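Everything below concerns the one structure shown next.
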There are 2 protein chains.
Amino acid sequence: MSLREQLTSMLEQVEGAFAVMLMGYDCIAIDEVQQGAAGFDVQTMAVEYGTVIKEIRRTIEVVGAGEMEEITITTANSRMIIRVLNDEFFAAFVLSKEGNLGKARYLLRAKALELVEAVG
Amino acid sequence: MSLREQLTSMLEQVEGAFAVMLMGYDCIAIDEVQQGAAGFDVQTMAVEYGTVIKEIRRTIEVVGAGEMEEITITTANSRMIIRVLNDEFFAAFVLSKEGNLGKARYLLRAKALELVEAVG
């Protein structure tokens, strides 16, 4: 499967998901797929969060709390779950507040290796 | 109950919790209680995360994704859950990887108002 096909398949499997994306730490989206209307700019959010994730990784290194694996951010009307894939990439789901976060978490973990290979 | 008593009570109720703290956005801990050995500097971590949380709030504002409520950060050997209490404070639990995150989340939500009142 191509990267686009994989992301599409992941998006279709998660109820309440607005978008799934693969990002580099340079905050450039490698690829992303969207469905429905999030009501805000999903891509801008991902890019902005890229900066934040770099900060969090640095913090974790500073305090020696072990390698970063996952971040979830809940706002009044959305959820985002971000999974570190390797030193270059992270993947993220953006969901509605009622979206299936557990499924999104599972897919990000289960498909991590395939996603990285598909970028290659 | 004093703030210290409330935090102590919360910490005792969550299996696998290393620390619970109330922080200001100026990254100063209002108060915190710890138990067990996290293996890293919990307070430094909280202070560093304070900066990150400010960044995330700003990001969420920029993209219009609604008010920030909660962040969880998972590393190779710990979990941290941070809940925004109001414009001045946030509260956070630091747990082991096997700690009861659901209980920590519940307590942060349920005790939010009491914690804010106890600061005053």
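The values are calculated or read from the model by the stated rules, or taken from the named source; none is laboratory data. Since this is a predicted model, take the numbers as computed values, not measurements. Backbone-built Cβ (ideal geometry, glycine too); neighbour counts: all protein chains shown.
Any residue that is buried (at least 17 other Cβ atoms within 10 Å of the Cβ), modelled with pLDDT under 90 and of a type outside the set (Phe, Trp, Tyr) - is there at least one of those in segment A:77-91?
There is at least one residue in segment A:77-91 that is buried (at least 17 other Cβ atoms within 10 Å of the Cβ), modelled with pLDDT under 90 and of a type outside the set (Phe, Trp, Tyr).
For segment B:49-83, give me each residue that is in contact (Cβ under 8 Å) with a residue 24 or more places away in the chain and of a type in the set (A, V, I, L, M, F, W, C).
B:53, B:73, B:80, B:81, B:82
Only one of these is free of Cβ contacts under 8 Å to residues at least 40 places away in the same chain and polar (S, T, N, Q): B:13, B:43. Name it. It would help to see each step written out before you state the result.
Values: B:13 fails: free of Cβ contacts under 8 Å to residues at least 40 places away in the same chain.
Within the list B:13, B:43, the selection yields B:43.
Just the residues that are within 11 Å of another protein chain (Cβ to nearest Cβ) and assigned to a helix (DSSP H, G or I), please, taken from segment B:60-102.
The answer is B:60, B:61, B:62, B:63, B:101.
Of the conditions (1) touching a Gly at 6+ places or on another chain (Cβ under 6 Å); (2) part of a strand (DSSP E or B), residue B:27 clears all except one; give me its number.
(2)
From B:50, B:36, which residue is at pLDDT 75 or above, in a helix (DSSP H, G or I), over 26 Å from residue A:85 (Cβ atoms) and more than 7 Å from every other protein chain (Cβ to nearest Cβ)?
Values: B:36 fails: in a helix (DSSP H, G or I).
That would be B:50, the only listed residue that is at pLDDT 75 or above, in a helix (DSSP H, G or I), over 26 Å from residue A:85 (Cβ atoms) and more than 7 Å from every other protein chain (Cβ to nearest Cβ).
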